[in-house]
1. If I filter segment 3-33 down to residues being at pLDDT below 95 and in a loop (DSSP other than H, G, I, E, B), which single residue comes out as farthest from E275 (Cα to Cα)?
2. Can you tell which of F22, F39 is of a type in the set (F, W, Y) and open to solvent by 70 Å² or more (accessible area, probe 1.4 Å)?
3. Please enumerate the residues belonging to segment 146-168 that are touching a residue at least 12 places away in the same chain (Cβ under 8 Å), over 17 Å from L358 (Cα atoms) and open to solvent by 40 Å² or more (accessible area, probe 1.4 Å).
4. Name every residue in segment 370-393 that is basic (K, R) and either without any contact (Cβ under 8 Å) to a residue 24 or more places away in the chain or assigned to a strand (DSSP E or B) (or both), in order of residue number.
5. Quick one: count up the residues across segment 198-209 that are under 19 Å from the mean Cα position of the chain (by Cα) and either modelled with pLDDT of 95 or more or of a type in the set (V, I, T) (or both).
6. Q104 - would you say it is under 22 Å from R146 (Cα atoms) and surrounded by 19 or more Cβ atoms within 10 Å (Cβ to Cβ)?
7. So which residues in segment 286-302 are of a type in the set (V, I, T) and part of a loop (DSSP other than H, G, I, E, B)?
Amino acid sequence: MNRTLYTLLFHLGLPLVALRLFLRGRKAPAYRQRIAERFACGLPPMRQGGIWVHAVSVGESIAAAPMVRALLKQYPDLPITLTCMTPTGSERIRAMFGDEPRVQHCYLPYDLPWAAGRFLDHVRPQLGIIMETELWPNHIHQCAKRGIPVALANARLSARSARGYARFAGLTRPMLAEMSLIAVQTETEGQRFRDLGARPGCVQVTGSIKFDLKIDDQLLPRARALREQWNAVQRPLWIAASTHEGEDALILAAHRELLKVHSDALLILVPRHPERFNAVYGLCAEQFATVRRSGGTAVEAATQVLLGDTMGELLFLYALADIAFVGGSLLPTGGHNPLEPAALALPVIMGPHVFNFLEISAMLREAGALQQVDDAEGLAGAVRRLIELPQDARRMGEAGRAVMQANQGALQRLLDGLGRFLG
């Protein structure tokens, strides 16, 4: 497949795209809003001549935040246009940068040549930065036509994804050859990009900028104060974060087992997607005394589950806990970022499916900072052990923080690479 055929198929598939938006909009009404932006129509007024950063959804937006803040500091005269593809990503961007006048935001239009071109002519960036591996052939080609360098930041490429790209070499090889910088997390991934057609001189191993997560000095004191307010300093408190449909029931089953031994244990359950908050609350409330974080109701001695149904608070909710389970890993979703709890010196537990964070989870596991479990029974046992052996929990937490500190510096290496394209 070449880019012409890809573009034709994309146009033919637009009715399916519209149907998908409609179906997703039934669960999450925000998908029905700002549809014109997805075709580069009705874009908000924007300052031109700055930096365009694309982060597909919530995880990439959080990963991009330290880089965006560093770019704002390093290039005080340049605006930054932050794009994403999902309503949750959009909410996260607004929560993080709503008070920064130099950050402007819209959805990234679909990968159609005319939409991509209209977006680029509206923004006229000096540089495009795409987070991780959200590669769109027409957007990249339209940048190349306009002489706009494009960098892939914090790039990941699994062996499975590389095989998928290789099957469409007629499309992917020219696209990768048009990239100006591919800043990869590991040498293994760098070689995969080179094998697929990236110019060797454009591939640079910088490491993962996720290690450069900065924790606000007031985060832990704020969390401690809230636990004191709840009279919960001595209670065992664990968090299950970024959970997916089908996973919540397994976590609640583990919590039920835990309560048989530690009757005062408190679980903070944080679903990944906001459209699931009400359904997960119903699931919790059927079995446990549950309060919603969004309701502002205080946690009491009888409370067994706190539903984390707010946006932009995940790090704070982690800071409240003694033990962290990172979701998307009991089911074959691939897992979410274990470095956030590791940065807070929490012992980390994940399920067997961690392919989204394979290298990072392996580093944490080998350092003794992360334990993998297979099912609800294993999760209950792991949480119980860490409650009953607090010295083991502390040792795991310190090991995780040490891994974080030992691998920092990727952000500065990335900024050095990007600096070549910014005057």
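The values are calculated or read from the model by the stated rules, or taken from the named source; none is laboratory data. The shown structure was predicted, so the numbers you read here are calculated from the model rather than taken from an experiment. Every residue, glycine among them, receives a Cβ derived from its backbone with ideal geometry; neighbour counts consider all protein chains shown. Please note that ligands, DNA and RNA were not included when accessible areas were found on the heavy atoms of the full protein model with its side chains. Shrake-Rupley method; radii C 1.70, N 1.55, O 1.52, S 1.80 Å.
1. Q33
2. Values: F39 fails: open to solvent by 70 Å² or more (accessible area, probe 1.4 Å).
The conditions single out F22.
3. R146, Y165, A166, F168
4. Start the filter on segment 370-393 by keeping residues that are basic (K, R), which leaves 384-385.
R385 - this is the single residue of segment 370-393 that is basic (K, R) and either without any contact (Cβ under 8 Å) to a residue 24 or more places away in the chain or assigned to a strand (DSSP E or B) (or both).
5. The initial filter retains those residues of segment 198-209 that are under 19 Å from the mean Cα position of the chain (by Cα), namely 206-209.
Those still in the list that are either modelled with pLDDT of 95 or more or of a type in the set (V, I, T) (or both) too: 206, 209.
Selection size over segment 198-209: 2.
6. Details: under 22 Å from R146 (Cα atoms): yes; surrounded by 19 or more Cβ atoms within 10 Å (Cβ to Cβ): yes.
Criteria met by Q104.
7. To start, the set of residues in segment 286-302 that are of a type in the set (V, I, T) comprises 290-291, 297, 299.
Scanning segment 286-302 gives T297, V299.
Residue-by-condition table, conditions (1) in contact with an Asp or Glu (Cβ under 6 Å, 6 or more places away or on another chain); (2) within 29 Å of A406 (Cβ to Cβ); (3) charged (D, E, K, R); (4) at pLDDT 95 or above:
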position	(1), (2), (3), (4)
V184	no, yes, no, yes
R192	no, yes, yes, yes
L196	no, no, no, yes
F211	no, yes, no, no
Q218	no, yes, no, yes
L226	no, no, no, yes
N231	no, no, no, yes
Q234	no, no, no, yes
